[in-house]
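Engineer: Got a structure for you, written out below as structure tokens; questions coming shortly.
Every number in this text was worked out from the coordinates using simple rules, so none of it is lab data. For clarity, every value in this text was computed on a predicted model and none was experimentally measured. Neighbour counts are summed over all protein chains in view; Cβ atoms, including those assigned to glycine, are modelled from backbone coordinates with ideal geometry.
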Amino acid sequence: MGTVAHVLAVNPVPARSQMGSSLGFHIILACFGVAFAAVTMTAEFIGIRRGDAAALLLARRWSKVMAVLVAVGAVSGTVLSYEMGLLWPGLMGRFGAAVGWPFSVEGIFFFLEAIFVGIYLYGWQRLPAWAHWWSGMPIVVSGILGAMSVVAANSWMNSPAGYTLSHGRITNVDPLSVYFNASTPYETAHMVLAAYMVTGFLIAGVYAVGLLRGRRDRYHRLGFAVPFTIAGIAAPLQVMMGDIIARFIEHNQPVKFAAMEYVPRTVRDAPEWIGGIFINGRVYLGAAIPAFDSILVGFNPHTRVIGWDTVPASERPPLVTLIHLSFDLMVGLGFFLLALAAWQGWWWWFHRRLLLTPWFLVPAALGGVAAVAAMEAGWVVTEVGRQPWIVYRVLLVSNAVTPSGGVPVTLAVILALYAILTVVSIGVPMIMSRRWRRGAPAEEAAEQVPYGPAPTPAATGTSSTPPPPAVPGASSGPRGAP
Amino acid sequence: MSPSADAIAVAAILIVVLAAYALFGGADFGGGVWDLVAGGTERGKAPRELIDESITPVWEANHVWLVFILVLLWTAFPPAFAAIMTALFVPLAISLLGIVLRGVGFAFRHTAQRLRMQQLTGVLFAAASLITPFFMGSVVGAVATGQVPVHPAGNVLAAWTSPTAILTGFLFVAACAYVSAVYLVIEAVHRRHRELTRYFTIRATAAGLLTGALAGGTFGELSASSPYVFGRLTGIALPLVVVSIAAGIAVLGMLWLRWYHPAGLRATAAVAVAAVVFGWGLAQYPYLFPRSLSLAAGSAPTAALVAEFVVAGLAVLLVAPGFVILYALQQRRMLTTAKSDADLRLAAQLEPAVAGQPAAAPASTATRITTALVLAVVAIKAIRELVSPRNGQ
């Protein structure tokens, strides 16, 4: 028993699995933390500007869902902060002075977000319409800047910079070079765009289902159009960004790129593999486009692409098939979402109304799931592709992992917990939406979300006088749109 | 080698943040403890509502302090962070479990309609409020006794199961309950709820006495387990200890005399807790781990410390105005729970259908306490089972 525990403890696989599942779970909620406020505020903007009650109703309900998701996200984010130390003391003990600092910056934005979510959520009734709208702006800004800070820490692990090492200890740090390392602009932009795509396509997907079920009123059409438009704008930017990043990785982390594209040996005229399984130096079941990888890298079929044979076997990433297929999945889904956005954009351009055929709505309803899958696949590529390094070419994962026993236990517990958290973060909005559809006013009023200031005595006591309408133009009718 | 000025400054910030978490986060945990012992569905209804109303607005912001502690520790004092996280893996993992369960309880509690679900989330919330501060306390106890090795090879069971660490764990739970009860007295007075004021006055007094007794016990244990810290607590840090004891007695006196001055009561209770935290920090100086890891040896390079200093300054610059706006709006009653979307729904021509069922009540005390105890016992058993063979080698 003792030896088994010991073997399990020094093996980094349970720790890696735990970190991976925690990150993979948290990142979905983090997307809502980054982008949900912008979606909600767009609906609110339309509502105030045009006196559109349906848009205002959407914004108000979305803000309630946002509160639940941000709260669960705060908890799962704390799990990650703990795990940085519980699982990787070798990383934090040696490099905490460098990699830790972007997290401190993130802390500020986390605080700001928490404060203004409270104001935004509970200011609906009494704040003037535009004042309320502006109170959401800090959430949008701190969401983006907070995401950038956290991703900057991850970028640093891919492109370590800004520190001086002597005798295995950091003796000097340049905080700005740590934060703005070579990978930062690429990774942060990629992640923020991904957050907008995941949030937009997921929310739009919910309303696509409603539209498919025949609820075609303005409320559902807007509920689909607003998030879909936002995600649809992010999609082409993301595909362009992805292309740029691929070339950056080829330059910055050539071995990772080789694993992504199945380049075992450094060659010219490297083929682009689509799909395929890599076994014993051969690719099975894949389609190769001759020389296309070289063209993508250097705009020329004769461009030399570096293979993973340039580093010893011990420094190559494991599971190349997983890396390659994840990469293909991400790219494929990215193009699928781009095509959906282009289709709707085309229709809107020529017909000036929403395309609402089932042929479009069924894939659109699945767009959110596709966006999540693409993002998760992207994280698999970047994290597994960096193996066996935790800090690229500086620190091995096996030297960073905790020597403590018990990681297999915490892994099991964490998996169970995330199952619960998933149920909560999907279940709570579903219960809310069911109640909204039933439309019992008393119930909605009693609805509480885990956020924001307590109801003031005045608000709970004087139920005889109705509160002033949130927006002066709110009652001007549902068909305010041109 | 004496520690640099930056290291001392960042250590001071860390202690302030720790005190803030003990006060704000601690009060939230204490609320959970009172929720746990509030009695059956009917009897516990009024206090539970008060607890809920006073925690709901703040728990999220209060939780951020914890994240700041972790971030400060790992950036400014990386070796200490790594050693604590390795040696005290078990109590930290359990406290994390408590944090997650509490969050789940919170997120779901207000939306759950069925009785079963409400009971379950209520139990989660209450059990987590007991487990988390206890294990956090045992971590602090382990650090204060200097039993955390600088280069641990794995879990160190002895560090957090020493009498001092266990006593500190109980002390934390009692202190959370005490601070929370004092705040709840103020909330009840604010709402002019005479019954609840009396209810929480009794509990605050009891928790205050228990906290005092446990603090005394821990203090006594420290004389044997950590002579260095004990020596400084009775030396240079003695004024802070005296201030804390005086403030604690003052709170009890105010409660006894029913002199419910909100700001006075709040501040005095805060001083009682904060002074102990500051005293602990001063008693540890100049060590991160008494006698084994000094501040000078365990701190990050100057630039990293300065960066943390800048972050702290930025946080004050950016976050403080946010809080000012939040509280100003709340004082002017601009922030209210939305009553209903009926106006908008009518305008948007979404007609209401049938009304739903009223909400059900939370679990009975017996269920809650039993579940909490069973969870705690199973957890400790499991850990001992897992860890002891390796320790025996």
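Engineer: Quick test for you: out of B:ALA206, B:ALA274, pick the one residue that is part of a helix (DSSP H, G or I), over 30 Å from B:PRO79 (Cα atoms) and of a type in the set (Gly, Ala, Ser).
Structural biologist: B:ALA206
Engineer: Hey, A:ARG216 hits all of (1) touching a Pro at 6+ places or on another chain (Cβ under 8 Å); (2) more than 11 Å from every other protein chain (Cβ to nearest Cβ); (3) basic (Lys, Arg) but one; which does it fall short on?
Structural biologist: That leaves (1) as the condition not met.
Engineer: Also: Select from region B:149-160 the residues that are surrounded by fewer than 20 Cβ atoms within 10 Å (Cβ to Cβ) and away from chain A (no Cβ under 12 Å) and list them in ascending order.
Structural biologist: Correct list: B:ALA158 only.
Engineer: Now, a different point. Of the residues A:VAL362, A:VAL409, A:VAL424, A:VAL428, only one is part of a helix (DSSP H, G or I), under 19 Å from the mean Cα position of the chain (by Cα) and of a type in the set (Val, Ile, Thr); which?
Structural biologist: Result: A:VAL424 is the single residue among A:VAL362, A:VAL409, A:VAL424, A:VAL428 that is part of a helix (DSSP H, G or I), under 19 Å from the mean Cα position of the chain (by Cα) and of a type in the set (Val, Ile, Thr).
Engineer: Which of (1) touching a Phe, Trp or Tyr at 6+ places or on another chain (Cβ under 8 Å); (2) part of a loop (DSSP other than H, G, I, E, B) is the odd one out, the single condition B:GLY141 does not satisfy?
Structural biologist: All conditions pass for B:GLY141, except number (2).
Engineer: Additional query: Is it the case, given these coordinates, that A:LEU56 is touching a Gly at 6+ places or on another chain (Cβ under 6 Å), buried (at least 24 other Cβ atoms within 10 Å of the Cβ), in a helix (DSSP H, G or I) and within 9 Å of another protein chain (Cβ to nearest Cβ)?
Structural biologist: Considered against the rule, which asks whether it is touching a Gly at 6+ places or on another chain (Cβ under 6 Å), buried (at least 24 other Cβ atoms within 10 Å of the Cβ), in a helix (DSSP H, G or I) and within 9 Å of another protein chain (Cβ to nearest Cβ), A:LEU56 comes out as yes.
Engineer: On the basis of being more than 24 Å from B:ALA315 (Cβ to Cβ), more than 8 Å from chain A (Cβ to nearest Cβ) and of a type in the set (D, E, K, R), does B:GLU53 make the cut?
Structural biologist: In short, no.
Engineer: Please return the ranges of helices (runs of 4 or more DSSP H) entirely within region A:174-293 where 3 or more residues are without any contact (Cβ under 8 Å) to a residue 24 or more places away in the chain.
Structural biologist: Ranges flagged: A:184-212, A:218-252.
Engineer: Another question about this same structure. Under 6 Å between Cβ atoms, which residue pairs at least 6 apart in sequence (or on different chains) link something in region B:45-72 that is without any contact (Cβ under 8 Å) to a residue 12 or more places away in the chain with a partner that is polar (S, T, N, Q)?
Structural biologist: Matching pairs, first to second residue: B:VAL67/A:SER81; B:LEU70/A:SER81; B:VAL71/A:SER104.
Engineer: Please verify whether B:ALA80 is of a type in the set (A, V, I, L, M) and under 15 Å from B:ASP28 (Cβ atoms), treating the condition exactly as stated.
Structural biologist: No, not satisfied.
Engineer: Can you tell me which residue is farthest from B:VAL241 (Cα to Cα) among those in region B:268-296 that are within 14 Å of chain A (Cβ to nearest Cβ) and crowded, with 18+ Cβ neighbours inside 10 Å?
Structural biologist: Restricting to residues being within 14 Å of chain A (Cβ to nearest Cβ) and crowded, with 18+ Cβ neighbours inside 10 Å, the top hit is B:LEU293.
Engineer: Check whether at least one residue in region B:187-210 is surrounded by fewer than 24 Cβ atoms within 10 Å (Cβ to Cβ), within 18 Å of B:ILE249 (Cα to Cα) and small (Gly, Ala, Ser), and report yes or no.
Structural biologist: Yes, because at least one residue in region B:187-210 is surrounded by fewer than 24 Cβ atoms within 10 Å (Cβ to Cβ), within 18 Å of B:ILE249 (Cα to Cα) and small (Gly, Ala, Ser).
Engineer: A further question follows. Out of region A:398-422, which residues are more than 9 Å from chain B (Cβ to nearest Cβ) and without any contact (Cβ under 8 Å) to a residue 24 or more places away in the chain?
Structural biologist: Answer for region A:398-422, where residues must be more than 9 Å from chain B (Cβ to nearest Cβ) and without any contact (Cβ under 8 Å) to a residue 24 or more places away in the chain: A:ALA412, A:ALA416, A:ALA419.
Engineer: Within region A:413-438, take every residue that is of a type in the set (Lys, Arg) and surrounded by 14 or more Cβ atoms within 10 Å (Cβ to Cβ) and give me the one that is farthest from A:LEU29 (Cα to Cα).
Structural biologist: Result: A:ARG438.
Engineer: What are the residues in region A:210-255 that are of a type in the set (Val, Ile, Thr) and surrounded by fewer than 18 Cβ atoms within 10 Å (Cβ to Cβ), if any?
Structural biologist: A:ILE233, A:VAL239, A:ILE244 - these are the residues of region A:210-255 that are of a type in the set (Val, Ile, Thr) and surrounded by fewer than 18 Cβ atoms within 10 Å (Cβ to Cβ).
Engineer: Further, regarding this structure: Applying the selection to region B:60-77, what residues are of a type in the set (Phe, Trp, Tyr), more than 7 Å from chain A (Cβ to nearest Cβ) and within 12 Å of A:GLY100 (Cβ to Cβ)?
Structural biologist: If the condition is that a residue be of a type in the set (Phe, Trp, Tyr), more than 7 Å from chain A (Cβ to nearest Cβ) and within 12 Å of A:GLY100 (Cβ to Cβ), then B:PHE77 is the only one that fits.
Engineer: Another question, if that's okay. Is there a residue being within 16 Å of A:GLY123 (Cα to Cα), within 11 Å of chain B (Cβ to nearest Cβ) and surrounded by fewer than 23 Cβ atoms within 10 Å (Cβ to Cβ) anywhere in region A:39-46?
Structural biologist: Scanning region A:39-46 turns up no residue that is within 16 Å of A:GLY123 (Cα to Cα), within 11 Å of chain B (Cβ to nearest Cβ) and surrounded by fewer than 23 Cβ atoms within 10 Å (Cβ to Cβ).
Engineer: So for region B:107-124 (the condition being over 22 Å from B:LEU293 (Cα atoms), touching a Lys or Arg at 6+ places or on another chain (Cβ under 6 Å) and away from chain A (no Cβ under 11 Å)), does at least one residue qualify?
Structural biologist: Yes.
Engineer: Oh, and also: Filter region A:76-115 down to the residues that are closer than 21 Å to B:PHE309 by Cβ and in contact (Cβ under 8 Å) with a residue 60 or more places away in the chain, then identify the one that is nearest to the other protein chains (Cβ to nearest Cβ).
Structural biologist: Checked region A:76-115; the qualifying residue nearest to the other protein chains (Cβ to nearest Cβ) is A:ALA97.
Engineer: So, in region B:240-264, exactly how many residues are in a helix (DSSP H, G or I) and surrounded by 13 or more Cβ atoms within 10 Å (Cβ to Cβ)?
Structural biologist: Total satisfying the criteria: 16.
Engineer: Take the conditions within 12 Å of chain A (Cβ to nearest Cβ) and of a type in the set (Ser, Thr, Tyr) and apply them to B:SER299. Does it pass?
Structural biologist: Yes: the conditions hold for B:SER299.
Engineer: Let me ask another. Out of region A:116-156, which residues are more than 8 Å from every other protein chain (Cβ to nearest Cβ) and not in a helix (DSSP H, G or I)?
Structural biologist: Passing the criteria: A:PRO128, A:GLY136.
Engineer: Quick check: anything in region B:148-155 part of a helix (DSSP H, G or I) and of a type outside the set (S, T, N, Q)?
Structural biologist: Scanning region B:148-155, I find no residue that is part of a helix (DSSP H, G or I) and of a type outside the set (S, T, N, Q), so the answer is no.
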